[in-house]
Amino acid sequence: MILATVNHSFRYELEKLCRIFMPYEAIRFEEQIPSADEYILTHLQKGDKTTVLLSKVVIGGKEQTNSIEILNTTEDYTSECERNLAVMLYKCFVALTGYESAWGILTGVRPAKLYSKLTRNLGEPATADYFKNSLLVSDGKIGLCSTTFKSEEKITALSKPNSFSLYISIPFCPTRCSYCSFVSHSVEKAGKLVEEYLSLLKQELILTAKKAKENSLRLETIYIGGGTPTTLSDVQLEDLISCIKDNFDLSTLREFTVEAGRPDTVTAEKLGVLKNLGVDRISINPQTLNDEVLANIGRAHTVEQFFEAYKTAKQVGFKVINTDLIAGLPGDDFDSFKKTVDKIIQLDPENVTVHTLSLKRSSNMSANKLFPDKALGEEALKMVDYALKALKQAGIVPYYMYRQSKTVGNLENVGYAKEGTEGLYNIYIMDETHSVLACGASAVTKLREPNGPYIERIFNFKYPYEYISRFEEIIERKEGISHFYDKYNK
Ligand code: SF4
């Protein structure tokens with residue numbers, strides 16, 4: 001498909017808007033009015049006093065056009081041109097497909113952050129009005145922004161200028177789920193790398209702890225994620241966490257999370273090790289409580305295994321357990337999802353995270369052309385709306401939210417928590433509140449200036465075999481932490 005952007009430079013935003021309706025279509029850019037049979041045109045014509053903006057979609061023998069004229073003296077002229085082109089393009093697509101996104105023209109990852117920024121400048125009523133009438137966001141999603149930004153702000157206020165969080169990546173899983181877009185490797189295939197990986201990971205952790213100490217950083221939260229960290233044995237977990245405890249100053253630590261993730265990796269021994277070493281939050285993720293759907297998505301565990309793992313975690317004494325669910329899974333429907341939510345509520349978990357399925361090109365599922373259709377998008381909207389209503393009624397309320405590209409129905413991911421059990425790391429990483437020092441394959445260290453918004457990133461290699469073979473480069477890159485803080489510690 002051709003996307004023509006004539007006389008303007010809003011290509012990036014308008015391409016993202018097109019992706020709501022055609023997530024995988026190859027898009028070719030042109031800067032003049034196309035002569036092809038099918039195309040998308042966005043056109044800006046600036047005159048002496050006014051500017052004419054036009055958006056047009058010609059597809060499948062049908063076409064839709066919208067245009068508007070605005071004064072050149074319009075406040076925020078450039079961003080208003082961009083917004084109007086997006087709104088008109090969106091309306092063309094809606095007219096042609098009959099599909100409306102609950103997020104309107106908003107495509108960003110952190111809508112609550114935008115909501116919070118506008119609220120500071122304009123006040124909340126004017127912000128809600130702007131979201132509704134200028135960005136075409138639904139009332140439901142405006143409500144979600146309003147709830148989450150308030151709880152996010154309470155938690156970000158706890159961070160200090162020298163605070164940091166530590167992230168550790170264990171990029172191994174028992175098997176690979178069909179919708180997975182992470183770099184995780186199944187232990188069946190990459191099991192022989194695990195020992196060497198862990199040994200190098202410990203070296204990276206020791207160096208990172210040294211950097212944190214040298215720069216007087218204050219550790220707030222630790223998150224071991226993946227992958228599935230509990231793919232490791234109890235002995236490996238003990239060794240890894242002992243390394244963290246021996247090297248980092250934990251006197252200021254407020255939260256220590258490990259993703260137990262896949263129920264088929266959870267044992268009482270492993271959970272006992274985690275609990276004894278100070279881990280206070282874990283995640284056990286069923287994704288769905290429908291065995292057929294689990295089989296569809298290649299999760300090699302059953303619903304029963306999830307309940308067993310959850311019970312074990314309670315017996316071991318974990319006070320905060322998160323359970324992840326996914327709306328929009330292939331083979332799932334509203335009734336089945338509703339049953340999943342209801343059964344999860346009966347367990348009375350402290351945290352529930354409701355994701356919407358996001359399919360990347362790298363996942364097995366999109367390679368098999370199983371991308372769910374528009375009807376599934378509408379079903380997914382019913383699912384997330386139900387989850388919101390039912391969880392809120394049970395006292396488990398939304399506290400953070402983010403969006404990914406190419407989700408079913410263009411929906412969001414929402415973290416819910418009982419009051420006082422919110423996952424701090426989830427907010428810090430999304431909000432980029434403070435630095436995150438990250439270790440392991442695919443980990444990205446984000447360094448945030450102590451009293452300002454500037455952020456610098458240091459990337460580790462993505463895959464475990466690269467992490468191992470190019471480890472020296474990773475160690476060299478860690479010097480970037482000192483170089484960064486040197487600027488502020490003078
Ligand atoms: S458990 Fe998570 S990281 Fe592992 S394969 Fe499944 S989706 Fe990917």
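Computing FRET efficiency as 1/(1 + (r/R0)^6) for GLU269 and SER138, where r is the C-beta to C-beta distance and R0 is 60 Å, gives about 0.80.
The Cα-based radius of gyration and maximum Cα-Cα distance (Dmax) for region 184-331 are 16.5, 52 Å.
Of the peptides 218-226, 53-61, the order by per-residue mean of other Cβ atoms within 10 Å, starting with the highest, comes out as 218-226, 53-61.
For region 92-149, averaging the sequence separation of C-alpha pairs within contact (under 8 Å, six or more residues apart) and dividing by the residue count gives a relative contact order of 44 percent. Farthest towards the positive end of the charge dipole of the chain, among the residues VAL109, SER469, GLY420, is the Cα of GLY420, using unit charges on the Cβ of Lys, Arg, Asp and Glu.
Based on Cα contacts under 8 Å between residues 6+ apart, region 154-477 shows a relative contact order of 21 percent. Close amide-amide hydrogen proximity is noted between THR50 and ASN72, each under 5 Å apart and 5 or more residues distant or on a separate chain (H modeled in the peptide plane; Pro and chain starts excluded).
For the peptides 382-391, 237-246, 310-319, the ranking by mean Cβ contacts within 10 Å, running from highest to lowest, is 382-391, 237-246, 310-319.
Which net charge results when you count Lys and Arg as +1 and Asp and Glu as -1 among the other residues whose beta-carbon is under 10 Å from that of GLY423? Combined, the nearby Lys, Arg, Asp and Glu give -2. Above 18 Å, the calculated P(r) of region 1-99 contains 41 percent of its Cα-Cα pairs.
Of all GluC sites (Glu not before Pro) in region 1-104, which ones are in loop regions per DSSP and have a Cβ with at most 14 other Cβ atoms within 10 Å? Walk me through the numbers on the way to the answer.
Values: sites: GLU13, GLU15, GLU25, GLU30, GLU31, GLU38, GLU63, GLU69, GLU75, GLU80, GLU82, GLU100; in loops: GLU25, GLU31, GLU38, GLU75, GLU100.
Those that pass, being in a loop and sparsely packed, are GLU25, GLU31, GLU38, GLU75.
Of PHE149, PHE307, the sequence from fewest to most neighbouring Cβ atoms within 10 angstrom is PHE307, PHE149. With R₀ set to 22 Å, the beta-carbon distance separating MET22 from VAL109 gives a calculated FRET efficiency near 0.65.
In the chain, helical runs assigned H by DSSP with n ≥ 4 each contribute -39500 (n - 2.57); averaged across all residues and rounded to the nearest 500, the mean residue ellipticity at 222 nm is -13000 deg cm²/dmol.
Using only alpha-carbon positions, what ratio does the radius of gyration of the chain give when scaled by 2.2 N^0.38 Å? Show your work: numbers first, answer last.
On the way: Rg = 23.8 Å, N = 490, 2.2 N^0.38 = 23.2 Å.
Against the empirical 2.2 N^0.38 Å value, I get 1.03 for the chain.
Can you tell me the length gained on complete extension of the stretch GLU456 to GLN203, counting 0.36 nm per residue apart and subtracting the Cα distance?
Numbers: separation 253, 0.36 × 253 = 91.08 nm, distance 2.27 nm.
Taking 0.36 nm per residue and subtracting the Cα distance, the gain is 88.8 nm.
Between ALA295 and ALA375, what FRET efficiency comes out of the Förster formula 1/(1 + (r/R0)^6) with R0 = 22 Å and r the beta carbon distance, rounded to 0.05?
Working: r = 22 Å, r/R0 = 0.99.
Plugging the Cβ-Cβ distance into 1/(1 + (r/R0)^6) gives 0.50.
If amide hydrogens are placed 1.01 Å from N in the peptide plane, which non-local residues have theirs closer than 5 Å to the one on THR407? Answer set, sorted by chain and number: none. Once each part is reduced to its C-alpha centroid, what is the distance from region 231-272 to region 167-188 in angstrom? Taking the Cα centre of region 167-188 as reference, the centre of region 231-272 is 17 Å away.
Near ALA36, once Lys and Arg are set to +1 and Asp and Glu to -1 for all other residues with Cβ below 10 Å from its Cβ, the sum equals -2. Seen from ILE105, the other residues with C-beta closer than 14 Å to its C-beta sum to a net charge of +2, counting Lys and Arg as +1 and Asp and Glu as -1.
Multiply the residue separation of TYR488 and LEU158 by 0.36 nm, subtract the distance between their alpha-carbon atoms, and state the gained length in nm to one decimal. Don't skip to the end; give the middle numbers.
On the way: separation 330, 0.36 × 330 = 118.80 nm, distance 2.10 nm.
Here the segment from TYR488 to LEU158 would lengthen by 116.7 nm.
Computed over the Cα atoms of region 35-156, what is the ratio Rg over Rh, Rh following Kirkwood? Across region 35-156, the Cα-based Rg/Rh ratio is 1.05.
Computed from the coordinates by the stated procedures, all read-outs in this text should not be read as laboratory data. All figures in this text were calculated on a predicted structure; none of them were measured in a lab. Counting neighbours? That spans all protein chains shown, and the Cβs are built from the backbone with ideal geometry, glycine included.
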